[in-house]
Protein chains: 2
Amino acid sequence: MAQSALPNDLVDKMHAYWRAANYLSVGQIYLLDNPLLKQPLKREHVKPRLLGHWGTTPGLNFIYVHLNRLIKDQNQSVAYIAGPGHGGPGLVANTWLEGTYSEVYPNIGTDAEGIQRLFKQFSFPGGIPSHVAPETPGSMHEGGELGYAVSHAYGAAFDNPDLLIACVVGDGEAETGPLATSWHSNKFLHPVNDGTVLPILHLNGYKIANPTVLSRISHDELQKLFEGYGYKPYFVEVGEDVHDYADMHQRMAATLDTIYAEIKDIRSKAKAEQDAGKPVTRPRWPMIILRSPKGWTGPVEIDGKKVEGYWRSHQVPFSDMTPEHVKNLEDWLKSYKPEELFTETGALRPDLAELAPEHDLRMGANKHVHGLTSRDLRMPDFRKYEVKFDRPGNAVAEATREMGKFLRDVMKENLDSKNFRLFGPDENASNRWQDVYQVSGKQWQAEYRDEDTNNDFLAQNGRVMEILSEHTCQGWLEGYLLTGRHGFFSCYEAFIHVIDSMFNQHAKWLKTTRHIPWRRPIPSLNYLLTSHVWRQDHNGFSHQDPGFIDHVVNKKAEVIRVYLPPDANTLLSVTDHCLRSRHYVNVVVAGKQPALQYLTMQQAIKHCTKGVGIWDWASNDQGGEPDVVLACAGDVPTMEALAATDLLRQHFPDLKIRFVNVVDLMTLQPKVEHPHGLDDHEFDSVFTTDKPVVFAFHGYPWLIHRLTYRRNGHDNLHVRGYIENGTTSTPFDMVVMNQVDRYSLAMDVIDRVPHLAVKGAHIRQKFEDKLVEHKHYINEVGDDMPEVKDWKWPY
Amino acid sequence: MAQSALPNDLVDKMHAYWRAANYLSVGQIYLLDNPLLKQPLKREHVKPRLLGHWGTTPGLNFIYVHLNRLIKDQNQSVAYIAGPGHGGPGLVANTWLEGTYSEVYPNIGTDAEGIQRLFKQFSFPGGIPSHVAPETPGSMHEGGELGYAVSHAYGAAFDNPDLLIACVVGDGEAETGPLATSWHSNKFLHPVNDGTVLPILHLNGYKIANPTVLSRISHDELQKLFEGYGYKPYFVEVGEDVHDYADMHQRMAATLDTIYAEIKDIRSKAKAEQDAGKPVTRPRWPMIILRSPKGWTGPVEIDGKKVEGYWRSHQVPFSDMTPEHVKNLEDWLKSYKPEELFTETGALRPDLAELAPEHDLRMGANKHVHGLTSRDLRMPDFRKYEVKFDRPGNAVAEATREMGKFLRDVMKENLDSKNFRLFGPDENASNRWQDVYQVSGKQWQAEYRDEDTNNDFLAQNGRVMEILSEHTCQGWLEGYLLTGRHGFFSCYEAFIHVIDSMFNQHAKWLKTTRHIPWRRPIPSLNYLLTSHVWRQDHNGFSHQDPGFIDHVVNKKAEVIRVYLPPDANTLLSVTDHCLRSRHYVNVVVAGKQPALQYLTMQQAIKHCTKGVGIWDWASNDQGGEPDVVLACAGDVPTMEALAATDLLRQHFPDLKIRFVNVVDLMTLQPKVEHPHGLDDHEFDSVFTTDKPVVFAFHGYPWLIHRLTYRRNGHDNLHVRGYIENGTTSTPFDMVVMNQVDRYSLAMDVIDRVPHLAVKGAHIRQKFEDKLVEHKHYINEVGDDMPEVKDWKWPY
């Protein structure tokens, strides 16, 4: 591997560059002043409150300086993903050294004052986080919650053939589930049309307080594990003398050269196969396993206790700044010989500065990861996918299948741009998006078999991404969006909770980056949640959970949108809106089963634009005050609310019912809480301030209360929704168990309209009897009553 | 491997037993009547609505019959975990065949009528779910959401040395993140003191609509992957003729015999090492990779389309019951030759029945998985861990560290019983439970190094379980609890969202099993959420999320408990309660940082018993009506509310303040919603019905509104909490950003008490000025004002 040994003077320079990065990293963690140690170090030069993580940082810096050399040598665009996000100081240091930091933050200049500010702001109130964060140039990967480095890397690589993603994975993160399965992403990457992911597993040895699993299995097991994952691992490991840095520089450089040649070879062979019209063989992509001591180059011992190469160096190696420790710190900082690294004014010495790549090739200035290469989608006119029918509530269609046709054509329009993909955990067809296969298949780089037919839609160039891992789907999509492209994630509603925490982190990223001017707003994260709670009657209780939207609305209103389109045309309108939007999380909940259709496209557009509205054709309070408002959100509750309206109108022709449907859930919140919130006047004009409102809701009923508790009419609001009653049953039995069915809703109205108290009693009894009949029916026949199954809006 | 070839007649019998299981599985999916095909099959014998999953079932049945043989031969207690939960019919069929089903469900007898009922109830309203579910005897693992089979298996194996867990993992599930990392659990299993996990990776080839990743990589990669994970994989694969069943029976039996001998050998060698006082070597445990066609033994083709060995057999292979399909179904069922399997009355033929193990050795009757072996913990008296102090709000302690001392002694008291473990993702010490190491270390079966010292607390017999995977911790703990043992999970509050979905499934399991009399209530799932939102000032925005409790309260009230103890003594009282309870999920949120202490142990017990209470020593409304109620929940909000009270009492000595603390969040809900809910009279007597209530809350403020919107005084309630404002900052700045700080709370009071509107204006301005001073202070010094940091309750 040593064929390409670097000249000694280059090694010296690279080592100096690394020392500079390490110096600046330690400085960020410790120093408030005296940035270049021009004076003897005193306690008052040290921050009063010491925060940060040293342990992983020197390794991240080591990799950075070596990637810089590769980039310059090869003119290769590289993005750096720092899985060990605790290494914030390292990435900040390196982007300052290469100049990008001062470009995006002009007040942090490339001089001693700039360094002092760089040091002070780190983990300082009003400053920057201790992790690799949105504020860090060159980052598209927040280093807070662990597990997503590799899936983000692959997501960024898709459709970016010229890009190489160097993805450093900490051996702590490697223990997480999402990370452990994301290695398999290599079965979904096309070696010509996609970019390259170079994973670098950093065996640092320790987590906060424990050794890591992967650092404590045999070399043989480790090698097999990654060969089993489909990689060709190259080991770069410190020898007996962990401080023989020259040797490690040579080894790392030689390995990188070997690997880069191999990558070029892989890509050109794949290109040749493709050009010859042959299937492209899945390559065994190279990866690096870098074993280096935690807290490398830091103090070997403090107070007689082992620090370097040990968990004690995880955070701040010593923090009670006794005079002795101040001296320890000064010695440590001076061990990097800052006087050899920086000019008199505090700039990086020019002979070292030239080691960094220039312009966009600097990893801190990579255009992809700042969203600067993002283009809008070409959008077909969604109105032409209109589901047409004669009368509202009388025709049947599968909403998500209609959406699938629209997505098919979005896919088609953007095939050339290569900036649109769909993601799902083996549910794309189950969720009725299969028309998309007419345009693009399912990306599959693993083995093909004779039994695979055209019906399987497996494709080496597919743009539908399916793996049975919500984490990987979400991670890929995030990586794809964070680099400016577009996508939609379809998922069973109950199991989207698997990525609750990933959603949290992405929403936080969006919140923070809204205020970072050198990043471009990225396309929205779009979810279709289908196979939802009301139609998981067949799969049972474990598949019934509408709570993701409860989780979502906790995040900042400025980035959150929730839509519950009641039918296909509203779903189409919402879909169009989501795909055109940027910097939101759009959650769309819609059914895939045959269901009644209510609004023409023109009505749907109007309804979705407003977000909430009175459906005149279903109301009979025209020109007067209603006796009751029947409100609903979600497709199944809408149908039940309409059926309840039908029952009530049959039995109480004089009852004035106002029928309200909510498609944009955020309209319910006060305007001060959410930009989509109706102002109070509008809200009152729809819901009234004094009439009973019976609300049939898709999700947990208290979410509606949580959104409306400040509204004038809130005390009159009675919400029905999923109250965690479920099992394997029938669709109608699901709503009955949770009292969102037509009979229960009609009874709710009778109970709340004063003048029905007496006169409605015998009708109420009829509705109760109907529920008994229903129970009897499903117990015997095992299915729903025909009058319920076949019900349509009769007016 | 063929050394132990089975006699042909035994193979024939086992094959017949397998056919019986397959017959009963198909029958469950399809038949409403004519269970033994005594009459020609007609449409009306077939269910009107066909639901279920055939694809994985024959493989699960194949494994079951082979495990039965092993159990009988070896007298080995085995529990069966069916990762492919869609195989519900298979497990139901097998437990019926061995007799356990009819024992726990006497109305499903071992005769034709019983079979007919068995068939009808499957996936039928009022019947049983299509998955392996709580209702399935022998199950401890719900087959709904995928990913947790292996971690459940290890959890069940811990401290059950005589138990072997046969854990079938579907190749779909194997793609999930939680599953992918859970293979590493073998580094945490003790080969003498724990039981054995035998993973059986079932390469069925297909998911719903896609091939599986692991079935489409090379044999070499697959083998290396599992060798890399630390296993010794044995392949059992169908040959060219997938219907040469005798051959597969021989191979499976021989492999199981080989493996079982190897397991015995591993365990006895480890025992010898242990007895000799040597470190116990980590074994390379055997596992099986079983490759068999999806929908094996089912129709090869239907309507000319491939079904067996293809994704089309995933669910119901054909469901439009045309006359031709009725004939297909009859042929399929008859291919199992039911007349050779069942007696005239519909019992399994006696010569086949004797293949099943007897009594507790039947896998459907395994005592562990029904919680029947569960014992209560021996509990030390928590009162002796009391933190003592002179005056409330004047002394400082770290709450979770005190809890750790108590847990240490709980551990000690139960060391002999071996039924208590602690779980955490590398955070046990960070969360201040380290005193527990005095009694038991961290379980670690991977490599030890010279650098490992006593300070690392790694132990081959440790009872503290740490891996950097919340999924694995949760899965282990669930497996441990589901088999009747006890535990506590400590986690950073923000990252507990990683297991949101696992919590969902466990809560659903608890809800369902409450109503299953042959299961014993299992110990509660206990969470300590610490390193919480208000003290993640140093780690920043990504680490700040108090939303898990929002997620939790959506589940059934009967299984959910949420506690926010304000100090160490209340935390101790709550901890004691949690460890004694069964069948709940207890979520405890408490800080680990030095914090003020308020209640003596006696007061703490009283306060926790009531769940909410007026703190007289902090109130000055004694003997009269208050002007305002200052309420709080959570340790940091409690301190800020007290400091606000202090400020208000300094400036408005006449203002009558009632100070209320909530430790049991569920007391706020109406009693009809939650058993802990205060009745309205009690609630009103604490919170008043007409006075302003300023509520400082630990989490998102709307949660308090969601819990109290039906309460009389709700319109007067003003809640402050985390509103998703955060970054790297200081503790006090965190509360300021979210307006939960003492100055903001005091201003909230001034704004809401009518008689302070004028007279309070200049004081209000003072408080505003304080916030300006605070900003200035942290920007310059980078820390909080001393008057805030050093504040204590002065009365």
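Observations on the model:
- For the stretch B:181-200, the count of residues that are touching a residue at least 40 places away in the same chain (Cβ under 8 Å), more than 7 Å from every other protein chain (Cβ to nearest Cβ) and open to solvent by 10 Å² or more (accessible area, probe 1.4 Å) is nonzero.
- Sole exception among (1) open to solvent by less than 30 Å² (accessible area, probe 1.4 Å); (2) under 18 Å from B:V280 (Cα atoms) for B:F420, by number: (2)
- Any hit, the stretch B:750-767, residues being aromatic (F, W, Y) and within 14 Å of chain A (Cβ to nearest Cβ): no
- Leading residue by the ranking (farthest from the other protein chains (Cβ to nearest Cβ)) among those in the stretch B:106-126 that are surrounded by fewer than 20 Cβ atoms within 10 Å (Cβ to Cβ) and part of a loop (DSSP other than H, G, I, E, B): B:D111
- Of all residues in the stretch A:578-592, those satisfying the criterion of being part of a loop (DSSP other than H, G, I, E, B) and surrounded by 19 or more Cβ atoms within 10 Å (Cβ to Cβ) are A:H583, A:Y584, A:A590, A:G591, A:K592.
- Where A:S151 falls short, out of the listed (1) small (G, A, S); (2) more than 14 Å from chain B (Cβ to nearest Cβ); (3) assigned to a helix (DSSP H, G or I): (2)
- Verdict on A:N712 being surrounded by fewer than 20 Cβ atoms within 10 Å (Cβ to Cβ) and either hydrophobic (A, V, I, L, M, F, W, C) or out of contact with any Lys or Arg (no Cβ under 7 Å at 6 or more places or on another chain) (or both): yes
- Flag for A:G484 being touching a residue at least 60 places away in the same chain (Cβ under 8 Å), outside any strand (DSSP E or B), away from every other protein chain (no Cβ under 14 Å) and touching a Ser or Thr at 6+ places or on another chain (Cβ under 6 Å): yes
- Summed over the stretch A:445-469, the residues that are under 25 Å from A:V498 (Cα atoms) and at the interface with chain B (Cβ under 8 Å from one of its Cβ atoms) give a count of 4.
- Where A:N94 falls short, out of the listed (1) out of contact with any Gly (no Cβ under 6 Å at 6 or more places or on another chain); (2) open to solvent by 20 Å² or more (accessible area, probe 1.4 Å); (3) of a type in the set (S, T, N, Q): (2)
- When A:Y743 is tested against (1) part of a loop (DSSP other than H, G, I, E, B); (2) among the hydroxyl-bearing types (S, T, Y); (3) crowded, with 21+ Cβ neighbours inside 10 Å, exactly one condition is not met: (1).
- Extreme residue, most open to solvent (accessible area, probe 1.4 Å), among residues of the stretch B:474-513 that are of a type in the set (K, R) and in contact with a helix residue (DSSP H, G or I) (Cβ under 7 Å, 6 or more places away or on another chain): B:K511
- In this structure, A:G138 does satisfy being under 30 Å from B:V533 (Cα atoms), assigned to a loop (DSSP other than H, G, I, E, B), open to solvent by less than 10 Å² (accessible area, probe 1.4 Å) and more than 10 Å from every other protein chain (Cβ to nearest Cβ).
- Here A:D784 passes the criteria (1) in a helix (DSSP H, G or I); (2) within 14 Å of another protein chain (Cβ to nearest Cβ); (3) of a type outside the set (S, T, Y); (4) within 42 Å of the chain's Cα centre (by Cα) except the one numbered (1).
- Of the residues making up the stretch B:676-703, those that are without any contact (Cβ under 8 Å) to a residue 60 or more places away in the chain and within 17 Å of A:R710 (Cβ to Cβ) are B:P701, B:W702.
- For the stretch B:333-378, residues that are closer than 30 Å to B:M601 by Cα and open to solvent by 40 Å² or more (accessible area, probe 1.4 Å) total 3.
- Selected residue (criterion: most open to solvent (accessible area, probe 1.4 Å)) from residues of the stretch A:425-444 that are within 10 Å of chain B (Cβ to nearest Cβ) and not in a loop (DSSP other than H, G, I, E, B): A:Q434
- Selection count, the stretch B:254-285, where residues are in a helix (DSSP H, G or I) and open to solvent by less than 20 Å² (accessible area, probe 1.4 Å): 7
- Boolean, B:G143 is of a type outside the set (A, V, I, L, M, F, W, C), touching a Ser or Thr at 6+ places or on another chain (Cβ under 9 Å), free of Cβ contacts under 8 Å to residues at least 60 places away in the same chain and under 20 Å from B:R514 (Cα atoms): no
- Scanning the stretch A:30-53 for residues that are in a loop (DSSP other than H, G, I, E, B) and either among the hydroxyl-bearing types (S, T, Y) or within 14 Å of chain B (Cβ to nearest Cβ) (or both) yields A:L32, A:D33, A:K47, A:P48, A:R49, A:L50, A:L51, A:G52, A:H53.
- Residue within the stretch B:32-39 that is over 30 Å from B:T212 (Cα atoms), open to solvent by 10 Å² or more (accessible area, probe 1.4 Å), in contact with a Lys or Arg (Cβ under 6 Å, 6 or more places away or on another chain) and in the same structural domain as B:A166 (by the TED database) present: yes
- The set of residues from the stretch A:445-468 being assigned to a loop (DSSP other than H, G, I, E, B) and over 19 Å from A:L407 (Cα atoms) comprises A:Q445, A:A446, A:E447, A:Y448, A:R449, A:D450, A:E451, A:D452, A:T453, A:Q460, A:I467, A:L468.
- Take the conditions (1) free of Cβ contacts under 8 Å to residues at least 12 places away in the same chain; (2) among the polar types (S, T, N, Q); (3) within 30 Å of B:F548 (Cβ to Cβ); A:N586 misses just one of them, which is (1).
- Taking the listed residues B:E173, B:E145, the one that is within 14 Å of another protein chain (Cβ to nearest Cβ) and either over 30 Å from A:G782 (Cβ atoms) or modelled with pLDDT of 95 or more (or both) is B:E173, with no other qualifying.
- When residues in the stretch B:70-99 are screened for being part of a helix (DSSP H, G or I) and either under 26 Å from the mean Cα position of the chain (by Cα) or aliphatic (A, V, I, L, M) (or both), 13 of them pass.
- Residues located in the stretch B:222-242, provided they are outside any loop (DSSP other than H, G, I, E, B), touching a helix residue (DSSP H, G or I) at 6+ places or on another chain (Cβ under 7 Å) and open to solvent by 10 Å² or more (accessible area, probe 1.4 Å): B:K224, B:E227, B:P233, B:Y234
- Entry remark, the stretch A:201-221: residues being facing chain B (nearest Cβ under 8 Å), of a type outside the set (K, R) and open to solvent by less than 10 Å² (accessible area, probe 1.4 Å) number 6 in total.
The values are calculated or read from the model by the stated rules, or taken from the named source; none is laboratory data. Keep in mind that this is a model prediction, so the values were computed, not measured. So basically every Cβ, Gly included, is an ideal-geometry build from the backbone, and we count neighbours across all protein chains shown. With ligands, DNA and RNA removed, areas are computed over all heavy atoms of the protein, side chains included. Shrake-Rupley method; radii C 1.70, N 1.55, O 1.52, S 1.80 Å.
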